[in-house]
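Notes follow the structure.
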Amino acid sequence: MRRPLPTPAEAAEILARKRTLPQRRPPPPAGRGLRKLLKELDAKYGQGPGALQARWREIVGPDIARRTEPVKLSKPRGGGPGALEIRVAGASAALIQHQAPEIVARVNLFLGEGAVNKLRIVQGPLRGLAPEPRPQPRRTPPLDAAQEAELARGLESVPEGPLKAALLRLGRGVLRRRAG
């Protein structure tokens, strides 16, 4: 047997008595939920060498950045200032060691006061940068035969020797500049 449908008044009464589920809210953004945890982790461990590596050139300057790269930031277990390990290319280690207090001060400006108190220097090849190519000397084209002959005629009276060779080089350089 089929059950009859309630009238609109009965339906309104049934719905008024029933407790409905609250409307579902979307979850909060993940950043808001993780903010507290991230603050605790940052306070405990701080920014690592990844943050330093990304801004190393700005922190220490282009001259030092060309010769060094940050490797590891070690914090002691009891807290307090840590040690920054940097890799130095070749014989620049002595130069960097003399600049260690300045580097520590600059790193502390970036990470916060008292984040680093010691600099550990390790010699080795830098991973981040390829060696800078050395500039190739420009080869200048030789003078044409007429200019070379004119230069030789002008220096006929000069005795053979180092003075004449130097004057020939000077004359060739002057003639090339005029041509260029």
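List of remarks:
- Being among the acidic types (Asp, Glu) and exposed (fewer than 10 other Cβ atoms within 10 Å of the Cβ) is a property that GLU113 has.
- Any hit, segment 133-143, residues being without any contact (Cβ under 8 Å) to a residue 12 or more places away in the chain and over 30 Å from ARG176 (Cα atoms): no
- The lone exception for ALA105 - which of (1) among the small types (Gly, Ala, Ser); (2) surrounded by 15 or more Cβ atoms within 10 Å (Cβ to Cβ); (3) under 19 Å from the mean Cα position of the chain (by Cα) it fails: (2)
- When restricted to residues that are surrounded by 11 or more Cβ atoms within 10 Å (Cβ to Cβ) and not in a helix (DSSP H, G or I), segment 157-175 contains 1.
- No other residue among VAL60, VAL122, VAL104 is over 30 Å from LEU170 (Cβ atoms) and either without any contact (Cβ under 8 Å) to a residue 24 or more places away in the chain or among the aromatic types (Phe, Trp, Tyr) (or both) apart from VAL104.
- Screening segment 71-96 for residues that are of a type in the set (D, E, K, R) and at pLDDT 90 or above and picking the one that is surrounded by the most Cβ atoms within 10 Å (Cβ to Cβ) gives ARG87.
- Options ALA100, ALA93, ALA89: the member that is of a type in the set (A, V, I, L, M) and either in contact with a helix residue (DSSP H, G or I) (Cβ under 8 Å, 6 or more places away or on another chain) or not assigned by TED's automatic domain parsing to the domain that holds LEU52 (or both): ALA89
- Checked against (1) within 30 Å of GLN97 (Cβ to Cβ); (2) at pLDDT 85 or above; (3) part of a loop (DSSP other than H, G, I, E, B); (4) not aromatic (Phe, Trp, Tyr), LEU5 meets all criteria but (1).
The values are calculated or read from the model by the stated rules, or taken from the named source; none is laboratory data. The structure displayed is predicted, hence computed values, not measured ones. Note that each Cβ is placed from the backbone with ideal geometry, even for glycine, and that neighbours are counted across all protein chains shown.
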